[in-house]
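**Q** Here's a structure for you.
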Amino acid sequence: MLNTYTFPEYDYIRSKDQDAAEPVRHPVIVVGAGPIGMAMALDLALHDVPVVVLDDNNTVSVGSRAVCYAKRFLEIMDRLGIGQRLVDKGVTWNIGKVFFDRDLVYTFNMLPEEHHRRPGFINLQQYYLEEYMVDRIHELGGIDLRWKSKVTQVEQDETGATVTVETPEGSYRMQCDYLIACDGANSQIRSQCGLESKGQIFKDRFLIADVVMDPSNFPPERWFWFNPHFHEGQSTLLHRQADNVWRIDFDLGWDADPEEEKKPENIIPRVRAFLGDEVEFELEWASVYTFTCRRMDNFRLGRIFFAGDAAHQVSPFGARGANSGAQDTDNLAWKLKLVMDGRAPDSLLDTYSDERVYAADENILNSTRSTDFITPKNEISRVFRDATLSLARDYPFARRLVNSGRLSLPAVYTHSSLNTLDQETFVGNMLPGAPSTDAPVSKAGQEGYLLDHLGNQFNGLLFIEGKRDLSQAVLDQLSALYQAKIPLKSYLVCSHQVDLPLPDGVELLVDTLGVVKERFDATAGTFYVLRPDQHVCARMRQLDNNRVAAAIRKATAQ
Amino acid sequence: MTKLITDPNLLQPDDFYQELTDLHRDLTPEQSAEINAKLILLLCNHIGDQAVLSEAMLIAKKNLKAA
Ligand SMILES: Cc1cc2nc3c(=O)[nH]c(=O)nc-3n(C[C@H](O)[C@H](O)[C@H](O)COP(=O)(O)OP(=O)(O)OC[C@H]3O[C@@H](n4cnc5c(N)ncnc54)[C@H](O)[C@@H]3O)c2cc1C
């Protein structure tokens with residue numbers, strides 16, 4: 001099996017830390033070079049924090065794992081520098097179809113809104129994502145990625161952590177100020193710390209088969225069958241990935257024997273029954289999974305932070321695993337940087353757990369609801385589910401109840417202590433806690449998107465109608481915000497080019513279609529404050545430096 | 001806030017009741033279960049008020065016969 005992809009093998013390279021007499025100390029060690037550990041490392045490197053990454057293996061993710069990456073994930077990857085590569089290689093799709101038995105029940109569009117750089121979803125095998133991350137790590141520099149380096153022991157005191165690392169050439173010890181555990185669902189760091197990830201295991205087994213076939217057979221859409229006529233289980237899912245590989249998910253029920261089901265001689269007839277005799281295919285990879293939804297109580301333990309599957313796990317319906325893991329690191333990197341620089345108190349790091357536990361609960365809730373709809377818990381749930389599906393064919397209200405996995409949307413940190421409450425009235429989605437929306441803008445004649453310009457530092461958006469809104473006093477205020485201990489870089493957002501010399505830390509974005517203004521519910525003078533992870537933390541109808549400074553203090557737990 | 005109407009609200013209660021039971025007359029228990037599920041879904045959507053629905057669910061759950 002598997003012939004469309006060649007797994008890279010990365011070299012184990014001896015580190016000089018292995019020869020040191022005393023354990024060498026690093027600012028940050030990341031354990032695990034899965035997608036989340038590497039996202040963490042890239043994010044910290046963008047903040048000029050040197051990082052050591054340790055991985056027990058020497059290649060990328062093997063087998064059938066993540067496929068769907070949602071819009072917000074791609075936007076984070078844009079900031080980390082691999083978004084375009086993912087989109088170029090991946091399969092962009094927005095259309096989903098739901099079938100019941102033999103019939104198409106309805107079709108939906110994941111991204112009904114126009115004017116975003118990124119689509120609702122792309123599909124791409126996880127190994128490509130990881131390979132591109134490794135490439136980006138090498139390109140960016142500042143990250144010491146060590147393969148075949150397994151962390152076997154962790155201890156911590158008030159000043160940091162000490163790890164024991166096992167390599168092909170024996171073990172050594174290292175110290176760090178902060179340790180980020182991205183060592184996956186079976187995190188050993190977690191168990192070494194005496195912590196647990198708690199939740200429920202779904203009593204169901206899924207056969208996941210990746211097959212290669214001619215792309216003319218099926219369009220790049222997500223097709224989901226309930227009670228399919230070709231398979232006696234509950235459901236089947238078909239998804240296209242890169243290289244003409246298709247992901248097929250068969251729900252097998254709890255009583256299926258995973259070892260038997262994994263055998264090609266049992267898989268091939270299932271796939272054939274589904275695709276029909278005419279369709280030629282080749283099996284790339286197959287495995288049988290059970291799914292779990294669980295999380296840790298707290299994603300922080302002193303100087304150790306947990307991110308990705310180590311901290312929380314969801315069933316794949318709704319694609320919230322890797323998608324939400326990248327939002328963990330998006331949340332943690334800037335906070336760690338500010339605390340390490342002594343510009344924010346240690347308590348800012350507690351908000352990482354607060355905000356991401358909240359997000360994990362939302363993801364677990366969504367993923368559990370999808371799983372319960374797909375695999376009803378009892379007979380009456382199944383009756384309701386089938387009734388919903390049969391009504392959905394003709395009655396739009398029922399389509400909203402069908403749940404074959406919801407779009408993976410980023411959490412809005414509505415209740416975060418880092419938000420500044422609105423004092424004026426706003427409508428729309430850009431409330432404090434929300435990740436920034438996107439929209440086309442141009443800067444100095446260069447077409448692009450708003451999110452290209454936001455992130456890695458605090459940003460302000462000042463909406464203006466023209467030159468007359470730009471007094472010297474306003475420019476002086478923006479300039480002062482840029483000179484502050486925690487600088488805020490501002491963008492003036494205007495429907496047209498304004499010719500005026502702008503001070504350092506102030507740039508103009510032309511809102512070519514007026515979409516930014518609309519999405520932010522802005523009027524002349526409206527000012528938004530965004531965190532380095534592009535989440536809104538405050539907004540006001542008139543720029544007021546005292547309010548902005550207070551908002552930044554609040555957003556940094558001061 | 002709207003409240004679940006628990007006072008008489010049907011103009012012809014006997015007609016309604018007969019129609020409901022007639023609907024199930026020649027059905028298997030499985031078919032009846034299907035019809036009931038569809039009815040509940042249709043009516044809940046029509047009502048559309050989560051508080052009213054929750055109140056109805058709470059009442060429906062009261063005084064269940066022992067399993
Ligand atoms: C069938 C399936 C389908 C999925 N589909 C999707 C999807 O469509 N979209 C989505 O977003 N997510 C999906 N997921 C979830 C996604 O694969 C995970 O959420 C993601 O891999 C988590 O990344 P991670 O970096 O936290 O952990 P992992 O990918 O598990 O990486 C952990 C890394 O740590 C290393 N490691 C472990 N222990 C040690 C140690 N002691 N020392 C050093 N290194 C160590 C491991 O070798 C590994 O490289 C799916 C998962 C499955 C199983």
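**Q** Being away from chain B (no Cβ under 12 Å) and not basic (Lys, Arg) is true for just one of A:360, A:387. Which residue is that? Step through it out loud before you land on a result.
**A** Details: A:387 fails: away from chain B (no Cβ under 12 Å).
Exactly one residue qualifies, and that residue is A:360.
**Q** Inside segment B:18-34, can you point out the residues that are loosely packed, with under 12 Cβ neighbours inside 10 Å and not in a helix (DSSP H, G or I)?
**A** Answer for segment B:18-34, where residues must be loosely packed, with under 12 Cβ neighbours inside 10 Å and not in a helix (DSSP H, G or I): B:25, B:26, B:28.
**Q** What are the residues in segment B:22-67 that are within 13 Å of chain A (Cβ to nearest Cβ), farther than 19 Å from residue A:397 by Cβ and of a type in the set (Val, Ile, Thr), if any?
**A** B:28
**Q** Could you go through segment A:199-221 and let me know if any residue there is small (Gly, Ala, Ser), within 15 Å of the ligand (Cβ to nearest atom) and more than 14 Å from chain B (Cβ to nearest Cβ).
**A** Going residue by residue through segment A:199-221, those that are small (Gly, Ala, Ser) are A:199, A:209, A:216.
Retained after the next criterion (residues that are within 15 Å of the ligand (Cβ to nearest atom)): A:199, A:209.
Okay, now just the ones that are also more than 14 Å from chain B (Cβ to nearest Cβ), so A:199, A:209.
There is at least one residue in segment A:199-221 that is small (Gly, Ala, Ser), within 15 Å of the ligand (Cβ to nearest atom) and more than 14 Å from chain B (Cβ to nearest Cβ).
**Q** Same structure again: Which of the residues belonging to segment A:210-258 are touching a Gly at 6+ places or on another chain (Cβ under 8 Å) and free of Cβ contacts under 8 Å to residues at least 24 places away in the same chain?
**A** Across segment A:210-258, the qualifying residue is only A:233.
**Q** Let me ask another. Which fully enclosed strands (runs of 3 or more DSSP E) of segment A:218-335 have 2 or more residues being more than 24 Å from residue A:368 (Cα to Cα)?
**A** Here the list reads A:245-251, A:281-289, A:304-306.
**Q** List the pairs whose first member sits in segment A:126-143 and is farther than 14 Å from residue A:51 by Cα, whose second member is of a type in the set (D, E, K, R), and whose Cβ atoms are under 7 Å apart, counting only residues at least 6 apart or on separate chains?
**A** Hits for this filter: A:126/A:65; A:128/A:89; A:132/A:85.
**Q** Is there any pair with a first residue in segment A:43-69 that is within 14 Å of chain B (Cβ to nearest Cβ) and a second that is within 9 Å of the ligand (Cβ to nearest atom) and of a type in the set (Asp, Glu) whose Cβ atoms are under 8 Å apart and which are 6 or more apart or on different chains, and what are they?
**A** none
**Q** On to the next question. Are there any pairs, at least 6 apart or on different chains, whose C-beta atoms fall under 6 Å, with the first in segment A:281-297 and among the small types (Gly, Ala, Ser) and the second within 12 Å of the ligand (Cβ to nearest atom), and if so, which?
**A** A:286/A:209; A:287/A:63; A:287/A:64; A:287/A:208
**Q** Mind checking which residues of segment A:29-55 are closer than 17 Å to residue A:153 by Cα and either among the acidic types (Asp, Glu) or more than 8 Å from the ligand (Cβ to nearest atom) (or both)?
**A** Once the filter is applied, which keeps residues that are closer than 17 Å to residue A:153 by Cα and either among the acidic types (Asp, Glu) or more than 8 Å from the ligand (Cβ to nearest atom) (or both), segment A:29-55 yields A:29, A:30, A:52, A:53, A:55.
**Q** Further question: Quick test for you: out of A:94, A:58, pick the one residue that is surrounded by fewer than 20 Cβ atoms within 10 Å (Cβ to Cβ), at pLDDT below 95 and within 16 Å of the ligand (Cβ to nearest atom).
**A** Exactly one of A:94, A:58 is surrounded by fewer than 20 Cβ atoms within 10 Å (Cβ to Cβ), at pLDDT below 95 and within 16 Å of the ligand (Cβ to nearest atom), namely A:94.
**Q** Working only within segment A:102-112, note down all residues that are in contact (Cβ under 8 Å) with a residue 40 or more places away in the chain and more than 15 Å from the ligand (Cβ to nearest atom). Lay out the reasoning, then the answer.
**A** Of all residues in segment A:102-112, those in contact (Cβ under 8 Å) with a residue 40 or more places away in the chain come to A:102-103, A:105-106, A:108, A:110-111.
Listed by number, the residues that qualify are A:102, A:103, A:105, A:106, A:108, A:111.
**Q** Testing residue A:297 on (1) away from the ligand (no atom under 16 Å from the Cβ); (2) within 30 Å of residue A:186 (Cβ to Cβ); (3) over 22 Å from the mean Cα position of the chain (by Cα), one condition comes back false. Which one is that?
**A** Evaluating residue A:297 over (1) away from the ligand (no atom under 16 Å from the Cβ); (2) within 30 Å of residue A:186 (Cβ to Cβ); (3) over 22 Å from the mean Cα position of the chain (by Cα) leaves (3) as the failure.
**Q** Identify, from the list A:343, A:303, the residue that is among the basic types (Lys, Arg), buried (at least 17 other Cβ atoms within 10 Å of the Cβ), more than 14 Å from chain B (Cβ to nearest Cβ) and away from the ligand (no atom under 16 Å from the Cβ).
**A** Checking each option against the conditions leaves just A:303.
**Q** Regarding segment A:526-533, can at least one residue be identified that is surrounded by fewer than 15 Cβ atoms within 10 Å (Cβ to Cβ), at pLDDT 95 or above and more than 26 Å from residue A:356 (Cα to Cα)?
**A** For segment A:526-533, residues surrounded by fewer than 15 Cβ atoms within 10 Å (Cβ to Cβ), at pLDDT 95 or above and more than 26 Å from residue A:356 (Cα to Cα): absent.
**Q** Can you find even one residue in segment A:345-358 that is out of contact with any Asp or Glu (no Cβ under 8 Å at 6 or more places or on another chain), more than 26 Å from residue A:431 (Cβ to Cβ) and not in a helix (DSSP H, G or I)?
**A** yes
**Q** Checking the condition touching a His at 6+ places or on another chain (Cβ under 6 Å) and basic (Lys, Arg), which residue from A:173, A:102, A:117, A:136 passes?
**A** The unique qualifying residue is A:102.
**Q** Next up: Is it true that residue A:115 is without any contact (Cβ under 8 Å) to a residue 60 or more places away in the chain and either under 30 Å from residue A:512 (Cβ atoms) or more than 9 Å from the ligand (Cβ to nearest atom) (or both)?
**A** On the way: without any contact (Cβ under 8 Å) to a residue 60 or more places away in the chain: no; either under 30 Å from residue A:512 (Cβ atoms) or more than 9 Å from the ligand (Cβ to nearest atom) (or both): yes.
For residue A:115, the condition - without any contact (Cβ under 8 Å) to a residue 60 or more places away in the chain and either under 30 Å from residue A:512 (Cβ atoms) or more than 9 Å from the ligand (Cβ to nearest atom) (or both) - is not met.
**Q** Here's something else I'd like to know. How many residues are in a loop (DSSP other than H, G, I, E, B) and modelled with pLDDT of 95 or more when one looks only at segment A:179-203? Steps first, answer last, please.
**A** Within segment A:179-203, the first condition is being in a loop (DSSP other than H, G, I, E, B), and the residues that meet it are A:182-187, A:193-196, A:202-203.
Going one step further and asking which of them are modelled with pLDDT of 95 or more, we end up with A:182-187, A:193-196.
Residues in segment A:179-203 being in a loop (DSSP other than H, G, I, E, B) and modelled with pLDDT of 95 or more: 10 in total.
**Q** Next up: Could you look through segment A:184-198, keep only residues that are more than 12 Å from the ligand (Cβ to nearest atom) and surrounded by fewer than 16 Cβ atoms within 10 Å (Cβ to Cβ), and pick out the one that is farthest from the other protein chains (Cβ to nearest Cβ)?
**A** By that ranking, first place goes to A:194.
**Q** Residue A:74 fails exactly one of the following numbered conditions: (1) within 14 Å of the ligand (Cβ to nearest atom); (2) closer than 23 Å to residue A:457 by Cβ; (3) out of contact with any strand residue (DSSP E or B) (no Cβ under 7 Å at 6 or more places or on another chain). What is the number of that condition?
**A** Evaluating residue A:74 over (1) within 14 Å of the ligand (Cβ to nearest atom); (2) closer than 23 Å to residue A:457 by Cβ; (3) out of contact with any strand residue (DSSP E or B) (no Cβ under 7 Å at 6 or more places or on another chain) leaves (3) as the failure.
The values are calculated or read from the model by the stated rules, or taken from the named source; none is laboratory data. The shown structure was predicted, so the numbers you read here are calculated from the model rather than taken from an experiment. Counting neighbours? That spans all protein chains shown, and the Cβs are built from the backbone with ideal geometry, glycine included.
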